[in-house]
1. How many residues does the range 234-261 contain that are over 17 Å from residue 393 (Cα atoms) and among the hydroxyl-bearing types (Ser, Thr, Tyr)?
2. Checking residue 308 against (1) at pLDDT 90 or above; (2) closer than 21 Å to residue 338 by Cβ, which test does it fail?
3. All but one of (1) touching a Pro at 6+ places or on another chain (Cβ under 7 Å); (2) buried (at least 18 other Cβ atoms within 10 Å of the Cβ) hold for residue 395, so report the exception by its number.
4. For a quick check of your reading of the model, give me the residue pairs whose first member lies in the range 370-381 and is in a helix (DSSP H, G or I), whose second is among the acidic types (Asp, Glu), with beta-carbon atoms closer than 7 Å and at least 6 apart or on different chains.
5. Somewhere in the range 113-124, is a residue aromatic (Phe, Trp, Tyr), exposed (fewer than 14 other Cβ atoms within 10 Å of the Cβ), in the same structural domain as residue 357 (by TED's automatic domain parsing) and not in a helix (DSSP H, G or I)?
6. Report, by residue number, each residue of the range 328-341 that is more than 19 Å from residue 73 (Cβ to Cβ) and either surrounded by fewer than 22 Cβ atoms within 10 Å (Cβ to Cβ) or among the basic types (Lys, Arg) (or both).
7. Residues being in a helix (DSSP H, G or I) and either free of Cβ contacts under 8 Å to residues at least 40 places away in the same chain or at positive phi (or both): count how many of those fall in the range 125-151.
8. Hey, among the residues in the range 20-47 that are among the aromatic types (Phe, Trp, Tyr) and touching a residue at least 24 places away in the same chain (Cβ under 8 Å), which one's nearest to residue 10 (Cα to Cα)?
Amino acid sequence: MNHNINPVPLSGLYKVRPFFTPGVIILTLIALNGLVFVALRFIFGIGYVTNLSNEYPWGIWIGIDVATGVALAAGGFTTAALGHIMHREEYHSIVRPALLTAMLGYTFVALGVVIDIGRWYYVWHPLIYWNPNSALFEVGICVMIYLTVLYIEFLPIVTERFMGRVNFPKFLKFLNKPVEWLLEKLDKGLSKTMFIFIIAGVVLSTLHQSSLGTLMIIAGEKMHPLWQTPVLPLLFFLSAVSVGFPMVIFESVIASKSFGLKPEEKILKKLGNMVAPILLIYLAFKIGDMFIRETFHYLFELNIHSIMFLIEVIVGVIVPLFMFLSRKAIKSLTITFWASVLVIFGIVINRFNNFIVAYHPPYSFKPYIPSIGEISVTIGFVALLILLYRAFVMFFPIISVQPKNNAQIITANNYEVLNEK
């Protein structure tokens, strides 16, 4: 008897941990603390919460919330390219979780931009007042369009969840048939046009991932030579591609452990095997550029720049590269997971280095140190993203569940998870 394992809402599965756990309660408190500071920022202004100034126009809200968030959401377009464009059918089970991560990630990237802009109520201006000579304009337009594309790509999951199950209360019962008709039309239309949005998503991601590097090129001499390079857009793009699959591996393992499910070891190990060549290409360009520009002598200066650069390259690239190349990694999901963690750490440090550590305005009188409010908002956004991810996978059919002992699983909504062929 063969079973077709479909994505299912986890709330309807037996022996799946409930939404509220001690960890969820802690994350909720952290998220609420961050939202309090967001409210203070909007009520009293950006200067009330941050340590930003005319010399330091951006801080960790841009360096981590935006630049790092965009990079870590790259799993959405890398898995879309692998599963849909390259037609690697065996990877389809990880496409939906990666899509959700990308959708939530870019949503918080957009929120990060909104709270970081002094006059946040003008965030819509790039849609009307075009400036094609601006790197930020290209980033802003691509991010807004790509976020819209991600929401469209998520719509089939919504129609799958509700189609055939629309059941409004008595006083709204007249809406059942119109809503059901709308869901069916939407599902049919999306099935015929989804390939357009998938291709558009991959192309748009390629554009704005590299354009963030273009933004830092404009900084010129304000940026330390270890990171300032004409090929920075290429390095930003390669680093984003290199962290795509590790982010999927990390998210999949953590989600499985959180819900007490069995991780898809076979698929995740295959993904791990693809990471090493990408990391090697990224490392070759990064080291090669450093020797071409002859900036390697800065590494012999014992300061924050040389230390952070070495941590970024050695811990975040070289060590996980050797871990992915080891024979043990092919057999061990644990090694693959921790190698992925190091790659993610390396990209976080890379973006932090580029936007915070390497950036030194010539007329600044004191260094930038993030305020308690900035740190609280950043950590709060991370906590809120995790909570939303947990809520989405419990309510929508996103994660594919591997049945134990080939037993059929029935959800609380009384629909079959496994379809017998």
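The values are calculated or read from the model by the stated rules, or taken from the named source; none is laboratory data. Treat the numbers as computed from the prediction; the structure is a model and nothing was measured. Note: ideal-geometry Cβ built from the backbone for every residue, glycine included; neighbour counts use all protein chains shown.
1. Qualifying residue count, the range 234-261: 2.
2. (2)
3. Just one mismatch for residue 395, condition (2).
4. From residues that are in a helix (DSSP H, G or I), the pairs are 378/65; 381/65.
5. yes
6. Initially, the range 328-341 is screened for residues more than 19 Å from residue 73 (Cβ to Cβ), giving 328-339.
Listed by number, the residues that qualify are 328, 330, 331, 332, 333, 334, 335, 337, 338.
7. Result for the range 125-151: 9.
8. Per the stated criteria, the residue is 37.
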